[in-house]
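Nothing in this text is a laboratory measurement; each read-out follows from the coordinates by a stated rule. A quick note: this is a predicted structure, and the numbers were derived from the prediction, not measured. Every residue, glycine among them, receives a Cβ derived from its backbone with ideal geometry; neighbour counts consider all protein chains shown.
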Amino acid sequence: KNEVEQSPQNLTAQEGEFITINCSYSVGISALHWLQQHPGGGIVSLFMLSSGKKKHGRLIATINIQEKHSSLHITASHPRDSAVYICAVPRGADDKLIFGTGTRLQVFP
Amino acid sequence: DVKVTQSSRYLVKRTGEKVFLECVQDMDHENMFWYRQDPGLGLRLIYFSYDVKMKEKGDIPEGYSVSREKKERFSLILESASTNQTSMYLCASRTQGSPYNEQFFGPGTRLTVL
């Protein structure tokens, strides 16, 4: 079993739809990261959160530490949101990151 | 604006060639990382460097070596490229002891080994 699992692997949506991407992890963590990777490769950090909820524009990230689960929501999705979304958690004491395999989102006009 | 750059976006090499992938960061970060990214596997750590001239093997170091002679530059070397090293290679950096472990990524190098 992978230490970080994401679902779904692929997601298509119509512009304007509400999107949810899920991340479950099996290790104890200090913080969870949500990352975005656009076609062409570069990765940018969207959120780091250790509890509760964070919001940035149309993106909302939530985390439930007890259940070891996090969700990334996109409200009013737009074609420019099309990307791969990756969650990552620190791997215990050595503080390296473990990455999920990513969720590929395509939003059509 | 923070920046991590990689020497090439796309690279095509032949089996057996020696390949150098260069990564440069301008943030004075101590820690630097090389990952490879493959479909269905996510990002996997190849090598990590705590600081200049310091390196540590990651999860998949076989077939790779690294060099960190200057703080801003971290090089990944494929001594004898093989077709199973065809992949996307991503470099990242972070400041030592950064809260929550935020890493800054380069744009990636898509390497094809023929």
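Remarks
- Which of A:18, B:48 has the fewest Cβ neighbours within 10 Å, and the rest in rising order: A:18, B:48
- Among A:81, B:28, B:51, a tally of other beta-carbon atoms within 10 Å of each Cβ gives an order, fewest to most, of B:28, B:51, A:81.
- Only lysines eight or more places from residue B:3 in sequence, or on another chain, were considered; those with a Cα closer than 21 Å are A:96, B:70, B:71.
- Packing-based exposure ordering (other Cβ within 10 Å, fewest first) of A:71, A:77: A:71, A:77
- Charge dipole of chain B about the Cα centre (unit charges at C-beta), most positive-ward option of B:45, B:114, B:23: B:114
- Simple label model, 7 Å out from Cα along Cβ direction - residue B:5 to residue B:26, nm: 0.7 nm
- Under a 5 Å amide H cut-off, with hydrogens placed 1.01 Å from N, residue B:8 pairs with B:22 among residues at least 5 apart or on other chains.
- Cα centroid separation - region B:42-107 against region A:34-67, whole Å: 23 Å
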